[in-house]
1. Once the Cα atoms of helix B:158-167 and of chain B are each reduced to a long axis, what angle between those two axes, in degrees from 0 to 90 to the nearest 10, is obtained?
2. With an 8 Å Cα cut-off and a minimum separation of 6 or more residues, compute the relative contact order for chain A in percent.
3. At a Förster radius of 30 Å, what calculated FRET efficiency corresponds to the Cβ-Cβ distance of residue A:294 and residue A:193, to the nearest 0.05?
4. Taking all protein chains in place and a 1.4 Å probe, what share, in percent, of the accessible surface of chain B do carbon and sulfur account for?
5. Calculate the tail of P(r) for chain A: the fraction of all Cα-Cα distances greater than 37 Å, expressed in %.
6. Rolling a 1.4 angstrom probe over the protein chains, ignoring ligands and nucleic acids, what is the accessible area of residue B:17 in square angstrom, nearest 10?
7. Give me the distance in nm between label points sitting 7 Å out from Cα along the Cα-to-Cβ direction at residue A:341 and residue B:265, one decimal.
8. Just the number please: accessible area per residue for chain B, 1.4 Å probe, all protein chains included, in Å².
2 protein chains.
Amino acid sequence: MQRAAPQTFDRVLSSMCTQPHPAAREAASRFIATNPGDPATYQAVAALEEDALSYLGEITGLATPHGYVASGGTEANIQAIRAARNHARDDDPNVVAPESVHFSFQKAADVLGVELRIVPVDADYRANVAAVREAVDDHTILVAGVAGTTEFGRVDPIPALTEVAHGTGALMHVDAAWGGFILPFTDHEWSFAHAPIDSMTIDPHKYGQAVVPAGGLLFRDKEVVDALAVDTPYLESTSQATLTGTRSGAGVASAAAAMRELWPHGYREEYETQQANAEWLYHELVARGYDAVEPELPLVAARLPDSEFESLRDLGWRISRTASGELRVVCMPHVSRESLRAFLSDLDDVSSGPARN
Amino acid sequence: MQRAAPQTFDRVLSSMCTQPHPAAREAASRFIATNPGDPATYQAVAALEEDALSYLGEITGLATPHGYVASGGTEANIQAIRAARNHARDDDPNVVAPESVHFSFQKAADVLGVELRIVPVDADYRANVAAVREAVDDHTILVAGVAGTTEFGRVDPIPALTEVAHGTGALMHVDAAWGGFILPFTDHEWSFAHAPIDSMTIDPHKYGQAVVPAGGLLFRDKEVVDALAVDTPYLESTSQATLTGTRSGAGVASAAAAMRELWPHGYREEYETQQANAEWLYHELVARGYDAVEPELPLVAARLPDSEFESLRDLGWRISRTASGELRVVCMPHVSRESLRAFLSDLDDVSSGPARN
């Protein structure tokens with residue numbers, strides 16, 4: 001009868017998950033025994049999903065949002081590609097995406113039997129538009145861009161990518177799973193308001209401070225969502241566009257509650273706090289001689305010797321690295337300046353000297 | 001600032017979801033801010049997933065279970081087919097399943113680009129083994145059977161289907177999403193202990209009384225699971241076999257807690273109570289002249305005139321129908337004899353007379 005200790009977030013510095021907002025936690029608890037996958041039975045939570053979609057539309061500049069609250073960014077990305085594939089009915093479909101795209105695109109390609117064409121990023125880790133233009137062809141069903149990359153927090157040139165996509169008859173998808181709740185407070189061009197993009201991933205359970213599982217999948221056109229529909233014989237609703245069947249009422253209710261509570265002022269405040277934390281950490285790392293990547297959004301990447309990285313993990317810091325080996329610190333809402341100071345102090349203790357590179 | 005009312009279960013009679021056990025709810029609440037999809041960061045919940053898998057193995061007769069806690073039965077069914085597809089590497093794969101199979105198989109076929117061959121059931125709603133044998137060929141990668149069908153609660157002849165599957169070189173999958181936590185207390189042959197089946201869906205968030213999302217996917221052989229693996233570049237774990245990325249720590253922790261609390265005595269008691277409820281309801285319906293299907297597991301189907309069905313929905317009963325139109329009452333742990341009495345009393349009020357058929 002052991003009771004495992006729950007997670008504390010003091011030393012979690014590389015996760016894109018965070019502590020949910022108290023209002024989100026409370027709503028999750030109230031709706032924990034509901035299933036939005038069966039809207040005719042669980043009507044109250046079905047209404048909350050409509051609320052959540054409206055908020056997501058407002059945040060992303062889409063007056064009439066179609067879509068649903070998904071299990072997370074991976075499902076949303078898989079489903080965006082599946083919708084494009086079913087909509088296009090091409091016999092040899094491909095998807096073009098920058099190498100900065102989340103690994104869920106590899107998963108989607110395997111699951112869906114779609115060719116994934118990965119193209120290089122530029123020197124600042126953004127999608128290279130010329131390379132994307134080179135890679136698309138008549139069988140391209142979707143071009144993807146990322147608004148807030150997982151590894152470096154970069155925003156791809158969404159309007160230019162959308163032109164390339166539409167120029168070749170493909171749909172344009174934006175993965176703003178992580179960035180979607182902070183980008184509205186920046187000058188980036190990333191949303192349905194900035195370009196005629198077709199679909200977007202935006203996760204309330206990341207920077208939106210909802211509980212897991214609460215991802216978001218949005219479409220501009222209803223007919224693209226309809227390409228996902230499967231008949232539901234024993235439910236009183238007639239069809240289902242989601243990838244999963246039973247879904248989490250806690251996720252849906254908490255997403256609606258978090259956005260009601262935090263949009264826009266709470267999210268703006270969080271963004272400003274964490275952007276300041278990221279910039280402060282970046283300068284501290286540079287001052288110590290580390291090769292660091294300037295944070296455009298609240299995410300700092302820096303090259304650390306493996307021995308220092310491992311020592312910090314041994315000290316209990318929950319950190320991870322990019323594919324090319326950089327430490328990545330994601331300044332999520334649970335991250336405090338105090339915690340970053342403690343991290344730097346441990347880094348100073350384990351580092352081998354002032355000049356590391 | 002409206003506060004939507006949470007769900008009450010008094011009148012929910014056709015859902016395969018239920019009220020979670022208090023221990024499951026408590027564990028969910030403690031682990032709500034964890035992500036088992038990132039085990040190197042969220043280590044405590046990763047350990048709980050191992051516990052949950054061990055329990056699932058014990059329940060299903062599998063000494064060394066491979067697999068994971070999924071978002072639900074749909075993901076588990078999709079992933080079982082995906083694993084079989086990737087493992088077989090056939091250029092024109094098909095899956096053979098009885099018509100009683102859950103609609104997630106239709107979804108899986110669309111998602112994965114696999115042909116789904118649906119074969120008839122027998123007069124008692126069970127897979128017809130001869131028809132399955134007729135339908136398989138060299139390109140069959142998987143045969144599916146259901147242990148507790150969604151519409152009539154029937155158990156397919158799993159050992160015989162497994163022979164057919166293995167005879168044609170295909171894997172054998174059992175969908176026990178709903179039945180898995182009640183079948184151990186019956187004489188049915190359904191599990192890894194009864195036949196050399198290869199994979200199984202069994203959902204803690206249905207009769208297991210965990211919170212949503214807690215599905216279960218089990219495999220006998222590790223190499224079949226490995227066919228699902230996708231690299232995870234920025235996580236300190238190296239690969240991911242799940243369909244989603246971020247996953248619900250609440251679901252995982254609650255599944256472990258519910259099984260620790262209820263296996264086996266609590267589940268047995270629940271089964272006995274609800275089987276008695278189902279048999280009582282069946283006899284009451286038959287006594288009123290309704291054409292009803294005898295419950296083999298705690299699920300009663302009965303033919304009602306549409307007008308009566310609609311009137312009962314108008315009275316607030318959350319009920320649904322099979323594809324062929326029968327009312328289906330699923331005696332889940334939240335269903336009480338008192339609630340069934342109230343339902344019958346309303347049925348008597350809305351019915352047009354003693355002879356309906």
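1. Result, in degrees: 40.
2. Reported relative contact order: 24 percent.
3. Here the calculated transfer efficiency is 0.70.
4. Values: 5570 of 12250 Å².
Answer for chain B is 45 percent, counting heavy atoms of protein chains only.
5. 20 percent
6. 10 Å²
7. Spacing of the two 7 Å Cα→Cβ label points: 5.4 nm.
8. Result: 34 Å² per residue.
The values are calculated or read from the model by the stated rules, or taken from the named source; none is laboratory data. Fair warning: this is a prediction, and the values are worked out from it, not measured in the lab. Quick reminder, even Gly has a Cβ in these numbers, built from the backbone with ideal geometry, and neighbours come from all protein chains shown. Areas reflect the complete protein model, heavy atoms only, side chains present, ligands, DNA and RNA absent. Shrake-Rupley method; radii C 1.70, N 1.55, O 1.52, S 1.80 Å.
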